[in-house]
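First the structure, in the form of structure tokens, and then the observations on it.
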Amino acid sequence: MSAIPVAAPALPPQMIAARVAGIAQETSDTYTLTLEAAGEGPALPAFQPGQFSMLYVCGVGEMPISISGGSVEGGRHVYTVRSVGKATHALVHSAKGAMVGVRGPFGTAWPLEEARGKDVIVAAGGIGLAPLRGAIEQILHNRSDYGHLVVLYGARSPRDLLYRKQLAEWGRKKKVEVLVTVDYAGEKWRGNVGVVTTLFRYVRLNPEGTVAMICGPEIMMRYVVRELARRAVPDEAIYLSMERNMKCALGFCGHCQLGPYFVCKDGPVFPYTAMRPWLDKHEA
Amino acid sequence: METKALIEALRGSQFLEGLKQNHIQKIAEMAMEVQFSRDQIIFREGDECGLFYLLLSGKVALEISAPGRIVRVQTVGEGDELGWSSLLAGDGKQFQARSLEPVRALVFDGTRLRQACEEDPAFGYNLMLRIVKVVSRRLQATRLQLLDLYAPRGVKLV
């Protein structure tokens, strides 16, 4: 039995008071909030795409939320939040100007350095596009550092698509291919229908020179990995964002333990090679 | 489309990838190019249409009618096949196919293809192997769709 690494004692980052600078509704239950430092207080910390923060709504609770943008502009954080419980409901219904506590950033980031000079394929499902948005923005901001960018995005229905305007903007850029699909649609939808893995039929990959970044429901990620394997993309070039049951963000509470890892501390972005033994386990 | 261009198009098809030259030739002899304009119904649910298509360009939606609405269950595009059930004698079409964009395709008579399979079992085996792969891939995709992976957590199956 392999030893489980013991979390090193660490002081949690100081909570910073932020203000809601903007809020936009993405879908029926999902909103994108832009936060900026409140008044003369400390600035919001720098972060790397893929990391997350603990956001605190006064008197309601704290929750881990992936940072989905802001790194390119600096000074602001963007969070896309789905209302699924008391704390997220309160957060997405914050008024403009409302105060929110921010601790972080926590966790690992997407391998943007490793991907330099290579093609990048991003595969996202549902709200899984949110943690990848910052990485896509970074790649587009430093366009000459990367090769071809392919974004494959699947959602439940056309109404559930995030960042519609941005998806269209990304797709118009050179050396960028954005393919979107939904699981179900009515007759007004002119786009693709089918699960996200069906989009692989329409892309050509250079397997030796591609880095894959995936985020979505775990079953979806497993099938995406299989499609990449069929196209000979090496396991070592595949990265996943796991977002299981994170609570404390410090690896203390154990809620997010996955085999020998704590997702909040050792992840949420993992090389697939580390996740391979654990992805299809019913309990790990 | 000239025979040479036809053979090139068939060679480039993912569906026929790896098929021997003589088998490609055999298929080419049965192919005819067709075009559909946007929003054209290619076949309807229940049709006894015995045609099989390989799409060269454009996008086609497979739809099912429900009271007062049409549900799109899948789209197929360049390099995909459409109407595989025409290779199996019997039932009519399960879905309606509608072109979402202008479509170019190669069309085959399912009965003629089946006859060719019976006359040349090696050809038939290779063609049916590809059909089974298509059916398997679509079955897997349908199962994933049924899982409703993007539903909010807490929505439980009974």
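The values are calculated or read from the model by the stated rules, or taken from the named source; none is laboratory data. What you are looking at is a predicted structure, and each value in this text was computed from that prediction instead of being measured. Neighbour counts run over all protein chains shown; Cβ positions are idealised from the backbone, glycine included.
Take the residues in the stretch A:173-191 that are within 23 Å of B:L144 (Cβ to Cβ), out of contact with any Lys or Arg (no Cβ under 9 Å at 6 or more places or on another chain) and not β-branched (V, I, T), then tell me which one is nearest to the other protein chains (Cβ to nearest Cβ). Only one residue tops the list, namely A:L179. For the stretch A:130-151, the set of residues classified as of a type in the set (A, V, I, L, M) and more than 14 Å from chain B (Cβ to nearest Cβ) consists of A:L132, A:A135, A:I136, A:I139, A:L140, A:L149, A:V150, A:V151, listed by residue number. Taking the stretch A:12-30 as the range and being more than 22 Å from A:K247 (Cβ to Cβ) and touching a Leu at 6+ places or on another chain (Cβ under 9 Å) as the test, the residues that pass are A:R19, A:V20, A:A21, A:G22, A:I23, A:A24, A:E26, A:T27. Residues in the stretch A:253-266 that are in contact with a helix residue (DSSP H, G or I) (Cβ under 9 Å, 6 or more places away or on another chain) and either within 20 Å of A:P64 (Cβ to Cβ) or of a type in the set (D, E, K, R) (or both): A:C253, A:H255, A:C256, A:Q257, A:L258, A:G259, A:Y261, A:D266.
Of all residues in the stretch A:212-225, those satisfying the criterion of being crowded, with 19+ Cβ neighbours inside 10 Å and among the β-branched types (V, I, T) are A:I214, A:V224, A:V225.
Residues in the stretch A:116-159 that are among the charged types (D, E, K, R), modelled with pLDDT of 95 or more and more than 24 Å from A:A46 (Cβ to Cβ): A:K118, A:D119.
Rundown of residues vs (1) touching a Phe, Trp or Tyr at 6+ places or on another chain (Cβ under 6 Å); (2) crowded, with 18+ Cβ neighbours inside 10 Å, yes/no style:
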| site | (1), (2) |
| --- | --- |
| A:E227 | yes, yes |
| A:R230 | no, no |
| A:E243 | no, yes |
| A:K247 | no, no |
| A:F262 | no, yes |
| A:P277 | no, no |
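Among the numbered conditions (1) in a loop (DSSP other than H, G, I, E, B); (2) over 29 Å from B:G68 (Cβ atoms), the only one that A:M213 does not meet is (1). Each residue in the stretch B:130-145 was checked for being free of Cβ contacts under 8 Å to residues at least 12 places away in the same chain and within 21 Å of B:G50 (Cβ to Cβ), and 1 pass.
If you go through the stretch A:178-196 and keep only what is under 17 Å from A:K165 (Cβ atoms) and among the polar types (S, T, N, Q), you end up with nothing.
Take A:W170 and decide whether it is free of Cβ contacts under 8 Å to residues at least 40 places away in the same chain, more than 10 Å from every other protein chain (Cβ to nearest Cβ) and more than 21 Å from A:K118 (Cα to Cα). Answer is no for this residue.
Taking the stretch A:192-217 as the range and being more than 7 Å from chain B (Cβ to nearest Cβ) and of a type in the set (A, V, I, L, M, F, W, C) as the test, the residues that pass are A:V196, A:L199, A:F200, A:V203, A:L205, A:V211, A:A212, A:M213, A:I214, A:C215. Would you check if there is a residue in the stretch B:31-48 being among the aromatic types (F, W, Y), closer than 19 Å to A:N192 by Cβ and within 14 Å of another protein chain (Cβ to nearest Cβ)? No: zero hits. Taking the numbered list (1) under 13 Å from the mean Cα position of the chain (by Cα); (2) of a type in the set (V, I, T); (3) closer than 30 Å to A:S28 by Cβ in turn, B:T142 passes all entries but (1). Evaluation of B:E17 against the conditions (1) out of contact with any Asp or Glu (no Cβ under 6 Å at 6 or more places or on another chain); (2) of a type outside the set (A, V, I, L, M); (3) surrounded by 12 or more Cβ atoms within 10 Å (Cβ to Cβ) shows that the sole unmet condition is (3). Looking across the stretch A:81-129, the residues that are within 14 Å of chain B (Cβ to nearest Cβ), in contact (Cβ under 8 Å) with a residue 40 or more places away in the chain and in contact with a strand residue (DSSP E or B) (Cβ under 8 Å, 6 or more places away or on another chain) come down to A:V81, A:R82, A:S83, A:V92, A:A123, A:A124, A:G125, A:G126, A:I127, A:G128, A:L129. Contact map, the stretch A:183-195: first residue within 20 Å of B:G68 (Cα to Cα), second residue in a loop (DSSP other than H, G, I, E, B) and among the hydroxyl-bearing types (S, T, Y), Cβ cut-off under 6 Å, separation 6 or more or different chains; pairs are A:Y184/A:S157. The set of residues from the stretch A:145-200 being more than 18 Å from A:V122 (Cβ to Cβ), out of contact with any strand residue (DSSP E or B) (no Cβ under 8 Å at 6 or more places or on another chain) and in a loop (DSSP other than H, G, I, E, B) comprises A:K188, A:R190. With a requirement of 2 or more residues that are in contact with a strand residue (DSSP E or B) (Cβ under 7 Å, 6 or more places away or on another chain), at pLDDT 90 or above and closer than 16 Å to B:E78 by Cβ, the strands (runs of 3 or more DSSP E) lying completely within the stretch B:15-64 that satisfy it span B:32-36, B:51-57.
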